[in-house]
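Values quoted throughout were computed directly from the atomic coordinates according to the rules given, and no laboratory measurement underlies them. Every value quoted in this text rests on a predicted model; they were computed, and no experiment measured them. Positions of Cβ are backbone-derived with ideal geometry, glycine not excepted, and every protein chain shown enters the neighbour counts.
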Amino acid sequence: MSDKLWGGRFQVETDALVDQFGASIGFDQLMAAEDLEGSLAHVKMLGKTGILSSADVAEIVAGLQSIQQDLAAGKIDFTVDNEDIHMNIESILTDRIGPVAGKLHTARSRNDQVATDFHLYLKKRIPMVIEVITNLQKALITLAENNIKTIMPGYTHLQHAQPISYAHYLMAYFQMLQRDKERFEFNLKHTDISPLGATALAGTTFPIDRHFTAEKLGFNDVYANSLDAVSDRDFAIEFLSNSSILMMHLSRFSEEISMWVSHEFQYLELSDGYTTGSSIMPQKKNPDMVELIRGKTGRIYGHLLGLLTTMKGLPLAYNKDLQEDKEGTFDTVKTIIPALKIFTGMIKTLKVNETKMKTSTENDYSNATELADYLAVKGLPFRQAHAVVGKLVLHGIQTHQNLQDMPLSELKAGSELIEADVYPELQSDTAVARRNSFGGTGFEQVKQQIEIAKKLI
C-alpha cells in the first residue's frame, strides 16, 4: 500500500519523477496562510454543526494556530513528498496532534480547499492592486496640476497633429487607470464567493453550514452550485485579463516616455533613481524601468493566454490541469504591484522640459486646423477651408515658413477672408486655450478634468 494520505487503494508507490512533476508545493506554499484560515473556519463549522466534538475542535484549532505562529516566524518547511500546501499542512498537523488531525478533512475535499485558498489569496491582493493604481493616479493629478499650461504637440500616427496641454495628456492616462481600477473592483465581486463545502464536486451528506464558513472567512457570497464551485476559475481569468489591460496602458505610457527622454525629443527627464547607466558608454542614462515594464507586458499576456488555453477544453468538475492556474497568477501579482509602484515614483520625480515641448509646437504646422476653423467661422465651408490651408501649408514647406510667420499678403493669397486678426489664433497657447468643448484640451476644461479626477479617488 502507498504511504500517501490518499494511498489506501494503491499497491505501488508513485514513481519519484511523478511525485516531482505533479507536486505544486513549490508555488502553492504562497497560499499557506489562506489554507490555514480556511481550515480554521472549516473545523469551527464542524464543531458548530455537531459533526465533531468540542474537544476534537479545540485540539485541531490549537494545532492549526501553532502552525500559523510558526509560519509567521518562518519556521515551517514544506516537502515535495506531501505534494501540495494542503497535504503539507495536514501532515504537519498530524505530527503535532496525532490522528485527530485526520478529522479536519471531514466534509471537505482538496478540490474545494484549493479553490477556497485561491479565492482568499486574490481577495486579499486585488485591494492592494487597487491601492497602488490609486497612488499612481494621485501622482498623475499632481503632475497635471503643475502643467496645465504646459504646451506640447498632440500626435496622431506619431505625426504632429494639434497642440495640447501636457496636463490633458496626463489625464488621458488617469482615465485609463480609472477604468483599470473599476475592472478590478468588479473582479472582487466574483472573487468574494466561497467554494468551501462543495467538497469534491457533489456536496456532502454531512450537515455542514457553508454560510457559516463563508462568514468566518469574510466572503460576501457562497457558490450556489458545487460543480461550479470547484471548477470555476473565471475570477482568476478576470484578474489576468484586467492585469493585461493595465499593463497595456503602462506599456503605452512607457513607450512614449522612452521616446520623450531621448536626445531627439528631450521633452522629459527621468530621475537618476529610475534609470541606469551603460557598462561601456559613460554618458548613457537609460530608461530601463519603462523598457522593463513594457517588456513584462508580454509576460502578463502570456499568463492570461495560458490559463484561457488550460480552461478551454476542461470537462466538469475538477481536473489536475487546474493546478496550472496559480503560477501565472502569483507571478502577475508579483509583477504588476512593483510596476505600478515604480511608475508612481517615476512620475513623482519626472522633470518636464516645458520650453522644448512648446517650441516643438511652434516649428510645425499643428496650428493648421486653427486656420481652417478660422475660415469656417468666416463663412467658408470647412472642406474648402481645409483645401485652402493645405495649399498654404505646402507653400510654407516650400518656402520654409510656419503659418504664423507668413506675411499677411501670402496668407491672403490663399483666401481673402484672412485678416490680421488671424495671428493670435495661430499661436499654440491660443489654440489650446480655445478648445473648451467638454473633455477638450482647453485650460479650463483640463482644470475641470482634474477636479473630477480628485472626486473619483
By how many nm would the segment from residue 211 to residue 305 lengthen if fully extended, with 0.36 nm per residue of separation less the alpha-carbon distance? 30.5 nm
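How long is the gain from residue 448 to residue 105 if the chain were fully straight, where each residue apart is worth 0.36 nm and the alpha carbon distance is subtracted? If you can, show how the numbers build up before the last one.
Values: separation 343, 0.36 × 343 = 123.48 nm, distance 5.78 nm.
Answer, rounded to one decimal: 117.7 nm.
Based on DSSP H runs of at least 4 residues, each adding -39500 (n - 2.57), what is the mean residue ellipticity at 222 nm of the chain after dividing by all its residues, to the nearest 500 deg cm²/dmol? Don't skip to the answer; put the middle values down first.
Values: 19 runs with 275 residues, N = 457.
Taken over the chain, the calculation gives -19500 deg cm²/dmol.
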Per-peptide average of other Cβ atoms within 10 Å, ordering 441-454, 370-383 highest first: 441-454, 370-383
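Using a Förster distance of 45 Å, how high is the FRET efficiency between residue 386 and residue 248, based on the Cβ-Cβ distance and rounded to 0.05? Don't jump to the answer; show the numbers that get you there.
Details: r = 34 Å, r/R0 = 0.76.
That pair, residue 386 with residue 248, gives E of 0.85.
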For region 111-358, what does the relative contact order come out to in percent, with C-alpha contacts under 8 Å and a separation of six or more? 24 percent
Farthest towards the positive end of the dipole of region 225-381, among 311, 298, 276 and with Cβ unit charges of +1 on Lys and Arg and -1 on Asp and Glu, lies the Cα of 276
To the nearest 0.05, the calculated FRET efficiency linking residue 58 and residue 79 through their beta-carbon distance, R0 being 35 Å, is 0.80
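Tell me, Kirkwood radius of region 388-434 from alpha-carbon pair distances, in Å? Show your work: numbers first, answer last.
Details: mean 1/r = 0.0907 Å⁻¹.
Over region 388-434, the inverse of the mean reciprocal pair distance is 11.0 Å.
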Could you please rank 329, 204, 79, placing first whichever residue has the fewest other Cβ atoms within 10 Å of its Cβ? 79, 204, 329
With only alpha-carbon atoms counted, please give the Rg and Dmax of region 7-106, in Å. 14.4, 42
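If I take every Cα pair under 8 Å that is 6 or more residues apart in the chain, average their sequence separation and divide by the length, what percent do I get for the relative contact order? Write down the numbers at each step before the final one.
Numbers: 620 pairs, mean separation 73.8, N = 457.
Across the chain, relative contact order equals 16 percent.
Apply the Kirkwood formula to region 111-358: the hydrodynamic radius equals the inverse of the mean of 1/r over all pairs of different alpha-carbon atoms; give it in Å with one decimal. Show your work: numbers first, answer last.
Numbers: mean 1/r = 0.0494 Å⁻¹.
In region 111-358 this quantity evaluates to 20.2 Å.
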Coordinate range along principal axes, alpha carbons of region 231-330, Å, largest first: 59, 25, 19
Note the full-extension length gain between residue 455 and residue 356 as 0.36 nm times their separation in residues minus their Cα-Cα distance, in nm to one decimal. 32.4 nm
What ranking do 91, 409 get, fewest neighbouring Cβ atoms within 10 angstrom at the top? 409, 91
So what J values fall out for region 115-128 if you push phi through Karplus, 6.51 cos²θ - 1.76 cosθ + 1.60 with θ = phi - 60°, rounded to Hz, Gly and Pro as x? 5, 5, 4, 5, 4, 4, 4, 6, 4, 7, 7, 4, x, 5
Relative to a virtual label point 7 Å from the Cα of residue 334 in the Cα→beta-carbon direction, which members of region 239-271 show backbone nitrogen distances below 19 Å? 239-241, 243-244, 247
For residue 119, the net charge from surrounding residues (Cβ-Cβ under 9 Å; K, R +1; D, E -1) works out to -2
Between beta-carbons, use under 15 Å as the cut-off and find the net charge around residue 435, counting Lys and Arg +1, Asp and Glu -1. -2
With +1 on the Cβ of every Lys and Arg and -1 on the Cβ of every Asp and Glu, the dipole magnitude of region 361-456 about its Cα centre, in debye rounded to the nearest 20, is 440 debye
In vacuum, with every alpha carbon of region 204-262 counted as one equal point scatterer, what does the Debye formula give for log10 I(q)/I(0) at q = 0.23, 0.25, 0.27, 0.29 Å⁻¹? Two decimals, please. -0.99, -1.05, -1.09, -1.13
Counting pairs of alpha carbon atoms under 8 Å apart in space and at least six apart in sequence, what relative contact order in percent does region 138-260 give? 21 percent
Checking region 79-174 for trypsin sites (Lys or Arg not before Pro) in a loop per DSSP with at most 15 other beta-carbon atoms within 10 Å yields 149
Could you check the simple spin-label distance between residue 65 and residue 227, using points 7 Å along Cα→Cβ, in nm with one decimal? 4.2 nm
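I'd like the projected area of the chain, averaged over all directions, using the convex hull of its alpha carbons. Report it in nm² with one decimal. Could you put the intermediate results ahead of the total?
Numbers: hull surface 119.2 nm².
Here the figure is 29.8 nm², rounded to one decimal.
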Surrounding net charge for residue 288, when Lys and Arg each add one and Asp and Glu each subtract one, Cβ distance under 13 Å: +2
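Return the inverse of the average 1/r over all pairs of distinct C-alpha atoms in region 361-456, which is the Kirkwood hydrodynamic radius, in Å to one decimal. Before the final figure, lay out each step's value.
Values: mean 1/r = 0.0698 Å⁻¹.
Hydrodynamic radius (Kirkwood, Cα pairs) of region 361-456 is 14.3 Å.
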The FRET efficiency for residue 395 and residue 156, from their Cβ-Cβ distance with R0 = 22 Å and rounded to 0.05, is 0.45
The ³J(HN,Hα) series, computed from each phi in region 92-98 with the Karplus coefficients 6.51, -1.76 and 1.60 at θ = phi - 60°, rounded to the nearest Hz and given as x for glycine or proline, is 5, 4, 5, 4, 8, 10, x
